[in-house]
Amino acid sequence: MDVATALDRLPKVELHCHVEGTMRPRTVVDLARKNGIPLLSDDPTDLYRYSSLDTFLQVFWLVQSTLGDRSDWARLAYESVIDGAAHGLVYRESFFTPARHLAAGQDLAEIVAGLADGLADAEEETGARVMLICDIDRAYGAEAGLELIRRLVELRAAGAAGTERVLGVGLDSTEKGVDPAQFAEAFALAGRNGLRRTSHQGEETPPSYIEAGLDTLRCERIDHGLSSIQDIELTKRLADQRVPLTVCPNSNVLIANAVPRLELHPYRRMREAGLLATLNTDDPALTDLDLGREYHSAMLAFDYTWDDMVQISLDGVEATWLDETAKRELTARVQREAAALGASIRG
């Protein structure tokens, strides 16, 4: 077996993947027609060209706009897991960002229930497991973010369908020019109600934004976190406290253009500095990517060995919000299957 195939089959965790960013091109076309959303082309891959994070977000928002009802969210969630499991995904904590849909009149309860419908069907078919993280969209401001978390808390308290899958909250969309501190009240409310916390920081912003994510928002993980390596004290803090960073190297090149080429990405330096830097795809369908290729491209770009890649997979397990029993079980599975795959390569 060649190493690319082995990496594709290696059991993998993903902690930074936006469910909207997993939408198949055919699904974009189908849902756009169903919901009366105009597209510039019947082949939406023609649209997937970006010069910055902000220009990518324009396409991401278009894809989001095609999600009109509960059944659309269910289809998206189902296909997301089917496509991920085909490349070694066994567990994912997946983002969804409902602000745009709520503003258009959709109900958060229906969105979550739709996602849960699709996830349940795909889990039964694949054996993978997926939980949800409800992201606040920075572009909609602090009050909208706070109202989103209030509504989520209400739904969870009422036992609304699918809300048991929502284990945390996040913060995404454009980083530039948006002070993370304005979302402190929303994050505090989430924390008081047992929701875990993470936020996108440090992809296009300085280390101070990562510090704000930790100290003001009380985040337990940081998504991207590239600029952490620029600050020695912050790097040491993150390493000492084993704060996970959910890094997406190919996305940082293809979407944000934060790095010109993959081999210049700071991922290896981050890990060598002791950071718990996991490996993720971000928006795989929109970048013609999958988790197996993310791992193989990282192996080649950063001159990693098979054992290095297995350790990255194991670090992903450590960084999850699973309980300790589930972590031990998943760790044992990765180790067991990695040993068999490694033997097939070496054989």
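Quick look at the values:
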item	result
One residue from THR198, THR174, THR163 being closer than 20 Å to VAL19 by Cβ and in contact with a strand residue (DSSP E or B) (Cβ under 7 Å, 6 or more places away or on another chain)	THR198
Options ILE149, ILE133; residue that is in a helix (DSSP H, G or I), β-branched (Val, Ile, Thr) and under 28 Å from GLU211 (Cβ atoms)	ILE149
Residues satisfying the stated conditions in region 292-321, i.e. open to solvent by 50 Å² or more (accessible area, probe 1.4 Å) and farther than 22 Å from HIS16 by Cβ	ASP303, THR305, ASP307
Total residues in region 123-146, condition under 16 Å from ALA181 (Cα atoms), buried (at least 18 other Cβ atoms within 10 Å of the Cβ) and not small (Gly, Ala, Ser)	5
Counted residues, region 179-194 - those being open to solvent by less than 20 Å² (accessible area, probe 1.4 Å) and either of a type in the set (A, V, I, L, M, F, W, C) or in contact (Cβ under 8 Å) with a residue 60 or more places away in the chain (or both)	4
Any hit, region 322-338, residues being closer than 17 Å to ALA277 by Cβ, in a helix (DSSP H, G or I) and either modelled with pLDDT under 95 or open to solvent by 20 Å² or more (accessible area, probe 1.4 Å) (or both)	no
Flag for ALA239 being within 18 Å of ARG196 (Cα to Cα) and of a type in the set (Gly, Ala, Ser)	no
Every residue from region 303-330 that is among the aromatic types (Phe, Trp, Tyr) and over 19 Å from PRO249 (Cα atoms)	TRP321
Answer from ASN257, ASN250 - the residue that is under 29 Å from THR55 (Cβ atoms), among the polar types (S, T, N, Q) and in contact (Cβ under 8 Å) with a residue 60 or more places away in the chain	ASN257
Residue that is surrounded by the fewest Cβ atoms within 10 Å (Cβ to Cβ) [pool: residues in region 147-178 that are in contact with an Asp or Glu (Cβ under 6 Å, 6 or more places away or on another chain) and acidic (Asp, Glu)]	GLU175
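Residue by residue, here is whether (1) outside any helix (DSSP H, G or I); (2) within 27 Å of CYS219 (Cα to Cα) holds:
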residue	(1), (2)
SER297	no, no
ASP303	yes, no
LEU314	no, yes
ALA340	no, no
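The values are calculated or read from the model by the stated rules, or taken from the named source; none is laboratory data. Only a predicted model underlies this, so the values are computations on that prediction, with no experimental measurement involved. Using ideal geometry, Cβ is built from the backbone for each residue, glycine included, and neighbour counts are taken over all protein chains shown. These accessible areas exclude ligands, DNA and RNA; they are computed on the full protein's heavy atoms, side chains included. Shrake-Rupley method; radii C 1.70, N 1.55, O 1.52, S 1.80 Å.
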